[in-house]
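Beneath this line is the structure, given in structure tokens, with notes to follow.
The values are calculated or read from the model by the stated rules, or taken from the named source; none is laboratory data. Here the structure is a predicted model, which is why all the values come from computation and not from measurement. Please note: Cβ atoms are built from the backbone with ideal geometry, for glycine as well, and neighbour counts cover all protein chains shown.
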Amino acid sequence: MVRPATTSHLGSTGGSGSTGSTGSTGRAAGGSRREPLPPGLLRMGAVLALGPVLAQLDATIVSVGIDPVARDLHSSVAAVQWVSIGYLLAISLAMPLSGWAAGRFGARRTWLVSVALFVAGSALCGLAWSTGSLIAFRVLQGIGGGMIQPLGQTIMVQAAGPSRIGRVMGTLMLPISLAPVLGPVLGGLVLEHLDWRWMFLLNVPVGLVTLLLAALTVPADAERPHPRPRLDVTGLALLSPGLSALVYGLATIGGDAGSGSGVAVALGSALLLGYGAHALRAPREGRPPLIDLRLFARRGFSVATANSFLQGAALYSSMFLVPLYYQQVRHSGAVEAGLLLAPQALGTAVASLLAGRIADRMAPRPLILIGIACSLLGTLAFTRLGSGSGPADGLLAASLALRGAGMGIIVIPGMAAVYSSVERSQVPAAAGAVNVLNRLGGALGTALLTLALQHSLAGHPAQPAAAFGDTFWWVLGLSALAVAPALLYPAGRKRP
């Protein structure tokens, strides 16, 4: 059973303003005299949110600029696609290291280094002289970007304490949820008025300001245990290449990679199975596994991460499908397609803010089930794209807002449940595991929808809208699958 947010096993860091006492969290759980969020905690959270916002903005901006990059560097679009694929693979390589790095060097220090690597990679990408150099610098950028989000979550969860996770995460989701919409818009403006290199160079001043603010607002790391954990080299040799191969295979299914994607999926799956066998035998002290699979023996953690995996599949796949529909069927430009996604982002931002206010006082099951219902209702209109004249634009916009609201309602209690189900010392490992599974879910969901869309387009060559409508039934199915783990959450919250 998920441990309720009223328990105090997560503790708090100095300067966060959390007492961590039973009485304080009891008042929060009971719904009266809730402990307010200290301004210092909110300031620190706002600064830490800049990291994932930078990484998400960069990923979406670059997707708009593939053609100009190919023309300027005298390369094929297929070769330049590796600018995006290399970044994705680098994130998959780096993300599993976040838990070990936080324990070895401290979460704050490692977060600062990750942002610095991202900024350095951005500057070098802006100076790239060939396709090969641009891909190499994007890999450097991805290594930094892959650890920013799990490390930031680690810092925030340990600082907030169990009674305030929902409110803190709900507040921080506001800028993060807007990044996928702003990316294409900013990318279009950059390409219209500036050189493509500014897609990367714009990260440099923002990243430097982020580093300065973090140095002033994020408290120093607590004293780490001795001896500090050593790197699980065997696990690294199995897990990171396995994740990269699996993500690459899923990302290229149905593309020009041909049978290579199938080989990559098979190789990645074999390496991950090998990692599973290794991690279950590895000691917990000295050289612990990069991702401790024994965390999944906790029912609360396994339920919450399963929910995160399925939500990643539903969210990332629909974020790929919706703009593609507007571009291929409605013939919208990248900037216009990004703006058309604004209702979904606004729905997520508002709903996550509201959900955060009640997630610390309410059991996760009813909230998450409400979110899934909103997500399903928000998807129904898109399944009717090929019927007659199709749904009106206003209905599609309202549906996107409802779908985004559902995602926002789901994410916050789910995230709170993940971190409330582990001890404070296990938060870095939990952050790495949940982010890896969320990314894998996104890759799997996108691959599934890619194949479904190709099959539907082959069956409706003269009716692309109908093909997209058929594919959205798969989105509906992915969203519905999340009901199963949601029913395993506790229905009521225990009182101390």
Checked pairs for region 442-455, first buried (at least 21 other Cβ atoms within 10 Å of the Cβ), second basic (K, R), C-beta under 8 Å and 6 or more apart or across chains, list as none
- [ ] State yes or no: is M173 part of a helix (DSSP H, G or I) and without any contact (Cβ under 8 Å) to a residue 60 or more places away in the chain?
- [x] no
State whether the residues of region 357-379 include one that is modelled with pLDDT under 80, touching a Pro at 6+ places or on another chain (Cβ under 7 Å), under 23 Å from A304 (Cα atoms) and among the hydrophobic types (A, V, I, L, M, F, W, C).
yes
(1) surrounded by 24 or more Cβ atoms within 10 Å (Cβ to Cβ); (2) under 17 Å from the mean Cα position of the chain (by Cα) all hold for L178 apart from (1)
Of the residues in region 268-291, those that are in contact (Cβ under 8 Å) with a residue 24 or more places away in the chain and either under 19 Å from S244 (Cα atoms) or surrounded by 22 or more Cβ atoms within 10 Å (Cβ to Cβ) (or both) number 12
Selection over region 323-371 where residues are more than 24 Å from Q56 (Cα to Cα) and part of a helix (DSSP H, G or I) yields a count of 10
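So which of A373, A416 is in contact (Cβ under 8 Å) with a residue 12 or more places away in the chain and surrounded by 20 or more Cβ atoms within 10 Å (Cβ to Cβ)?
Answer to the check: A416.
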Taking region 112-165 and keeping residues over 28 Å from W196 (Cβ atoms) and outside any helix (DSSP H, G or I) leaves G161
Pairs returned, first residue in region 78-91 that is on the phi < 0 side of the Ramachandran plot, second residue that is of a type in the set (F, W, Y) and buried (at least 18 other Cβ atoms within 10 Å of the Cβ), beta-carbon separation under 8 angstrom, 6 or more apart or interchain, are I85/Y248; L88/Y248; L89/Y248
Based on this model, can you work out whether L295 counts as out of contact with any strand residue (DSSP E or B) (no Cβ under 9 Å at 6 or more places or on another chain), in a helix (DSSP H, G or I), in the same structural domain as G188 (by TED's automatic domain parsing) and over 30 Å from V62 (Cα atoms)? yes
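Tell me, which residue of region 101-136 that is among the hydrophobic types (A, V, I, L, M, F, W, C) and farther than 19 Å from G51 by Cβ is farthest from the chain's Cα centre (by Cα)?
Here the residue is W129.
A quick yes/no check of all residues on (1) outside the structural domain of G146 (by TED's automatic domain parsing); (2) in a helix (DSSP H, G or I); (3) modelled with pLDDT of 85 or more:
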| residue | (1), (2), (3) |
| --- | --- |
| S244 | yes, yes, no |
| G249 | yes, yes, no |
| A257 | yes, no, no |
| A266 | yes, yes, yes |
